[in-house]
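Heads up: the structure comes next, in C-alpha cells.
The values are calculated or read from the model by the stated rules, or taken from the named source; none is laboratory data. As the structure is a computational prediction, the values presented were derived from the model and not from experiment. Every residue, glycine as well, gets a Cβ built from its backbone with ideal geometry; the counts of neighbours run over all protein chains shown.
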Ligand SMILES: Cc1ncc(COP(=O)(O)O)c(C=O)c1O
C-alpha cells in the first residue's frame, strides 16, 4: 500500500504514518506535565515498557539516539571506551554523540551479524584501565541494523556478556528493533533483555508510532536518566499525546511477523531477477543488496526504482537496503520485482 503520493517507501521502517486508531488515541490522550511526573499516559507507557522488557523502570525519550546516549552517559566516565561492533548504530549513526556529549570513545570489533565473541571481549579487557583506556560499557544491538536486521545468537551473546560482567563492564542493549528480534526468534523481549543493565527500544520503527523511544533499567538508573534527559534537552511536558500512540504500537508488536514475511518475499523476488545480489536471506525486515554486484553498480537500480515511485537508500557505502513495514505490501514488492526484472534482462 503506497503512500497517498503513490510512493512505495522502503528506505526505513521509520517512514510509517500513524494509523487512524493511533491518531484517535493521540487525540483522546489524558495528559499532564511529565516534567513533574504527572502525565498519566506517559506514566502508563513507561510502566508497560519496563514490564515488556523485564526492567524496574523506564523513561520516555524523543529518540533512540537519546536513549542510547543516556545509557552511554550514565555508564561511562569521560575517557572511557564503549565496546561495540564496527557498524553499531551508537558509534556510526549518532553524529559522534558519545564523544561530544560524554567524552567516551569506542573500541570496536568487526561484528559480523552483530556478534561479539567472548574472546573478543576478553581481548578488549586486557590492560583496560591500566595501560589502555578503561573499557566501561558493552553495547549490543538486536536486531543489528547495519548487519541486515540480524538477530543475535543468544548462546554467544550470553557467553560474551558473562566475560564482560567478570571484567566489570556495564551492558547496554540497543534494542531499537528488539521486538523484531523477539518475533523472529520466538523469544519474549524480556528474555532478550535479561542480561542488560539498560535497554533502549523504539516505538517509531516497525512498531509504527510517529515519535519516541524508551530507556529501561533499574529505578535508580532511570531516575538519573530523567535528570540527564533534561540536560540533553529532552525534558517533556504534555507528551501523553505521543505516549498514546506509543502505547497503541506496543500492543500491536506481533504484527511484525508480516513485515518479516514480506522481506522474505522481496529478497526472493530480487534474487530470482538479479541473482547473487541479495547479501543474505533476511532474518527480520531488512534486505541488503550488494551494489557492486548489480549491473552498472547500485545507482542505475536505485534510479530506476525512483522512476517507478519506489524509494530505497544506502545503509553503508555501496549497500542498498530495503526495509519492510506496515506501510508497504505485496503490491509494492511486485513493483520492485518489475524494476529488477527489467534491469536483470
Ligand atoms: C539500531 C538503531 N539504534 C538507534 C537508532 C536511533 O533511533 P532514532 O533515529 O530514533 O534516534 C536507530 C535508528 O534507526 C537504529 O537503527
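For the reader, a short list of remarks on this structure follows.
- In the range 1-11, of all residues being surrounded by fewer than 20 Cβ atoms within 10 Å (Cβ to Cβ) and touching a residue at least 40 places away in the same chain (Cβ under 8 Å), the one that is farthest from the ligand (Cβ to nearest atom) corresponds to 6.
- Residue tally, condition out of contact with any strand residue (DSSP E or B) (no Cβ under 9 Å at 6 or more places or on another chain) and within 23 Å of residue 147 (Cβ to Cβ), over the range 297-323: 2
- Residues that are under 20 Å from residue 181 (Cβ atoms), part of a loop (DSSP other than H, G, I, E, B) and in contact with a strand residue (DSSP E or B) (Cβ under 7 Å, 6 or more places away or on another chain) within the range 104-119 comprise 111, 116, listed in sequence order.
- Test: residue 154 is under 25 Å from residue 285 (Cβ atoms), surrounded by fewer than 24 Cβ atoms within 10 Å (Cβ to Cβ) and more than 12 Å from the ligand (Cβ to nearest atom): yes
- Filter result for residue 257 (closer than 19 Å to residue 145 by Cα and either without any contact (Cβ under 8 Å) to a residue 40 or more places away in the chain or assigned to a loop (DSSP other than H, G, I, E, B) (or both)): no
- There is at least one residue in the range 310-321 that is over 21 Å from the mean Cα position of the chain (by Cα), farther than 24 Å from residue 94 by Cα and modelled with pLDDT of 95 or more.
- Test result for residue 101, in the same structural domain as residue 189 (by TED's automatic domain parsing) and more than 16 Å from the ligand (Cβ to nearest atom): no
- Condition check for residue 250: surrounded by 22 or more Cβ atoms within 10 Å (Cβ to Cβ), within 23 Å of the chain's Cα centre (by Cα) and in a helix (DSSP H, G or I): no
- Criterion: more than 22 Å from residue 180 (Cβ to Cβ) and surrounded by 15 or more Cβ atoms within 10 Å (Cβ to Cβ) - qualifying residue of 266, 320, 305, 270: 305
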